[in-house]
Amino acid sequence: MTFSRYKDKYCLSLALDNILTVLGQSLQELSTLLSGINDQHYSHKDGLNGNNGTKDKDHDASPIIDGSIGEHVRHGLDHITALLDVASVIQKNLAEGSENITSCISYDRRQRKTLLETDRGLCLLKIKDLIERINKLSTSELLIKKPIKIEHITDDKGSYSYFASNIEREFMFVFHHLLHHKAVIAIKLRLLDCHQDREFGIAPATLHEINYS
């Protein structure tokens, strides 16, 4: 599987291999962007003065966009990691003939305030690892349609509920979830006067509308 940049104007099929391809492309695009910004822009929540990364009380992005770029990236990568972890277990179970085991994903039970939020180099290594894991994932029909449960925390007291899904649907979810946070990152970078690809963080459907309407 290759991750050349969004061929065919973002047209996706429902096949898992195509979903994994665009997810890998999206991660590669994020990696390219993060390689081009500085550590201060990546980790600081306070306003920064242009590209030199110094604080400026008159140039504060934090009242508009909560959280650092690193926090938004970590959050998106956490979801992909959680899904890949479960998909890998399912793949192993299927290979061993254990097809009747139902797996559960919880995107809410994750670690916050990790080094991924502040260490840009570590984050780039994490993205590389996720792309490699995506490349190795099977796209067999058994895996694609394997029923799974999603645990969702529903209030601040920790109450939770479950709903049914499958691997294919969840990979589409984490693709769009990451895209949402890339859109927030794009706004934050504009507030910090950082140059970026004009298409970064724009949904495929929006780009299709722009290019073909």
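The values are calculated or read from the model by the stated rules, or taken from the named source; none is laboratory data. A quick note: this is a predicted structure, and the numbers were derived from the prediction, not measured. Methodologically, a virtual Cβ is constructed for each residue, glycine included, from the backbone with ideal geometry; neighbour enumeration extends over all protein chains shown.
Candidates are the residues of the range 111-144 that are in contact (Cβ under 8 Å) with a residue 60 or more places away in the chain and among the basic types (Lys, Arg); the one that is nearest to SER26 (Cα to Cα) is LYS128.
The set of residues from the range 29-39 being buried (at least 16 other Cβ atoms within 10 Å of the Cβ) and not charged (D, E, K, R) comprises LEU30, SER31, LEU33, LEU34, ILE37. Quick one: which residue in SER98, SER103, SER140, SER161 is hydroxyl-bearing (Ser, Thr, Tyr) and at pLDDT 90 or above? Step by step, each of SER98, SER103, SER140, SER161 is checked, and only SER161 is hydroxyl-bearing (Ser, Thr, Tyr) and at pLDDT 90 or above. If the condition is being more than 17 Å from the chain's Cα centre (by Cα) and of a type in the set (A, V, I, L, M), then the range 163-213 contributes ALA164, LEU189, LEU191, LEU192, ALA205, LEU207, ILE210. Here SER13 clears all of (1) farther than 23 Å from GLY70 by Cα; (2) at pLDDT 90 or above except the condition numbered (2). Output yes when any residue across the range 165-175 is of a type in the set (A, V, I, L, M), modelled with pLDDT of 95 or more and within 25 Å of SER26 (Cα to Cα), and no when none is. Checking the range 165-175: at least one residue is of a type in the set (A, V, I, L, M), modelled with pLDDT of 95 or more and within 25 Å of SER26 (Cα to Cα). Restricting GLN111, GLN196 to those that are at pLDDT below 90 and within 17 Å of ILE80 (Cβ to Cβ) reduces the list to GLN111. Filter the range 82-102 down to the residues that are out of contact with any helix residue (DSSP H, G or I) (no Cβ under 7 Å at 6 or more places or on another chain) and of a type in the set (A, V, I, L, M), then identify the one that is surrounded by the fewest Cβ atoms within 10 Å (Cβ to Cβ). Top of the filtered list is ALA95.
Restricting the range 77-102 to residues that are in a loop (DSSP other than H, G, I, E, B) and of a type outside the set (A, V, I, L, M, F, W, C) leaves a set whose member that is nearest to TYR160 (Cα to Cα) is THR102.
Residue-wise test of (1) over 15 Å from HIS75 (Cβ atoms); (2) hydroxyl-bearing (Ser, Thr, Tyr); (3) touching a residue at least 24 places away in the same chain (Cβ under 8 Å); (4) crowded, with 16+ Cβ neighbours inside 10 Å.
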residue: ALA164; (1), (2), (3), (4): yes, no, no, no
residue: GLU170; (1), (2), (3), (4): yes, no, yes, yes
residue: ILE187; (1), (2), (3), (4): yes, no, yes, no
residue: ARG198; (1), (2), (3), (4): yes, no, no, no
residue: HIS208; (1), (2), (3), (4): yes, no, yes, no
residue: TYR212; (1), (2), (3), (4): yes, yes, yes, no
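Among the residues of the range 103-149, which ones are assigned to a strand (DSSP E or B) and surrounded by fewer than 18 Cβ atoms within 10 Å (Cβ to Cβ)? Passing the criteria: SER103, CYS104, SER106, PRO147, LYS149. Close contacts from the range 14-35, counting a first residue that is touching a residue at least 24 places away in the same chain (Cβ under 8 Å) and a second that is among the acidic types (Asp, Glu) and part of a helix (DSSP H, G or I), with Cβ to Cβ under 8 Å and a gap of 6+ residues or different chains, come to LEU14/GLU168; LEU16/GLU168; ILE19/GLU168.
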